[in-house]
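One structure is given below, encoded as structure tokens.
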Amino acid sequence: MASEGDALLVVSVYDGEFFGDLSSLVKICVIEGSTTCCDRESFSTLEETWKLLEMWAEKCATPPPRGDCFTIFICRKDRGDTEVEPLARLDVFAHNGEATTCVVSRTPSWDTERVCYQPDDGSVAIVLKILRANLGHTEY
């Protein structure tokens with residue numbers, strides 16, 4: 001793997017609950033990018049995901065999930081490469097205006113605090129609300 005400055009974060013958003021097989025999931029979008037810059041201190045994986053999704057959300061909207069569950073895969077890859085290194089998975093449960101996620105990574109899994117979302121919020125908007133609230137920033 002290249003240095004973080006040469007690598008891209010890859011965030012894949014799927015509709016449905018992950019049970020070890022991607023074939024049962026419907027791809028909503030794949031977002032690739034980097035938020036690292038020159039002398040700036042690097043972000044944690046979830047902070048970088050948050051920043052990347054914020055940049056994406058300013059330009060594009062994603063549809064709301066069709067059911068109560070959707071899955072986010074967070075990986076890293078070298079620029080120009082197709083092989084990815086898995087970093088984390090977010091198993092999101094969104095129902096009746098409240099959402100929470102289970103964060104699965106190399107560290108022990110943990111569940112986020114619940115956040116409120118609007119019925120017309122897309123999957124990326126819901127994840128942004130979860131990350132903001134659970135990484136110390138509650139403004140939406």
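Extending 7 Å from the Cα toward the beta-carbon at both Arg132 and Glu47 defines two label points whose distance is 1.8 nm.
Dipole check for the chain: with +1 at the C-beta of Lys and Arg, -1 at the C-beta of Asp and Glu, and the Cα centre as origin, the magnitude is about 120 Debye.
Helix 45-59 and the longest principal axis of the C-alpha atoms of the chain enclose an angle of approximately 70°.
For Gly20, the shell of other residues with beta-carbons less than 14 Å away shows a net charge of -2, using +1 for Lys and Arg and -1 for Asp and Glu. Annotation note: GluC sites (Glu not before Pro) in the stretch 72-140 located in DSSP loop regions with a Cβ neighbour count of at most 16 within 10 Å are Glu83, Glu113, Glu139. Only helical runs count toward this figure. For the chain, summing -39,500 (n - 2.57) over DSSP H runs of n ≥ 4 and dividing by all residues gives -6000 deg cm²/dmol at 222 nm. When the alpha carbon gyration tensor of the chain is reduced to an equivalent ellipsoid, the three semi-axes, largest first, read 23, 17, 14 Å.
Each of Asp78, Asp21, Asp68, Asp15 was scored by other Cβ atoms within 10 Å of its Cβ. Listed from fewest to most, they are Asp21, Asp68, Asp78, Asp15. Free of any trypsin sites (Lys or Arg not before Pro) that DSSP assigns to a loop and that have at most 11 other C-beta atoms within 10 Å, the longest stretch within the chain is 1-39.
No value in this document is a laboratory result; all are computed from the given coordinates. Everything numeric here is computed off the predicted structure, so don't read it as measured data. Backbone-built Cβ (ideal geometry, glycine too); neighbour counts: all protein chains shown.
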